[in-house]
Amino acid sequence: MKLKLKLMKYALLTLMFLPLVIQAEDARQAKIITSSDQPAKCISAVEVNQIDGKEVKVQKLGFSIDAGKHAINARAVINNSFCTVTGLDTGNNPITPVEYDFEAGKTYYLGYDHSATLRKDWKLVVWKVKD
């Protein structure tokens, strides 16, 4: 019985301090939002598939990343409801990763800018940063 009480106290203490540990970890990270787009500005949502050259599987809506400089690559989900897709050049134009220095505690909106006339000029961008 005494052992059960001690275990219960330990479990309660762990549960009390767990949010502090999680907050400390989150405080060292930035949030990346990939599901928002700006159709009127020709910026579409993306699905991240690489971080720092490594294949990754992250949430489609967004994810957290350690603060610091990172190269992120993604597939675009073109939303042409306001911007007509005019970049009809037929060459193979792979998406170039966006390199950005992400700060802890901030939220970054990542999207694919397809406003240029030529597809080769389309690119991944951080289009909004929130504190």
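The values are calculated or read from the model by the stated rules, or taken from the named source; none is laboratory data. The shown structure was predicted, so the numbers you read here are calculated from the model rather than taken from an experiment. When we count neighbours, we look across all protein chains shown, and the Cβ atoms used for this are built from the backbone with ideal geometry, even at glycine. Calculation scope for accessible area: heavy atoms of the full protein, side chains included, ligands and nucleic acids excluded. Shrake-Rupley method; radii C 1.70, N 1.55, O 1.52, S 1.80 Å.
Kindly indicate the residue of the range 99-115 that is open to solvent by 30 Å² or more (accessible area, probe 1.4 Å) and farther than 15 Å from Gln29 by Cβ and also farthest from the chain's Cα centre (by Cα) among those meeting that condition. Residue satisfying both the conditions and the ranking: Ser115.
I'm trying to understand the selection: among the residues of the range 116-131, which are closer than 14 Å to Lys41 by Cα, modelled with pLDDT of 90 or more and not charged (D, E, K, R)?
Keep residues of the range 116-131 that are closer than 14 Å to Lys41 by Cα, which gives 116-117, 122-128.
Okay, now just the ones that are also modelled with pLDDT of 90 or more, so 122-128.
Within the range 116-131, Trp122, Leu124, Val125, Val126, Trp127 qualify.
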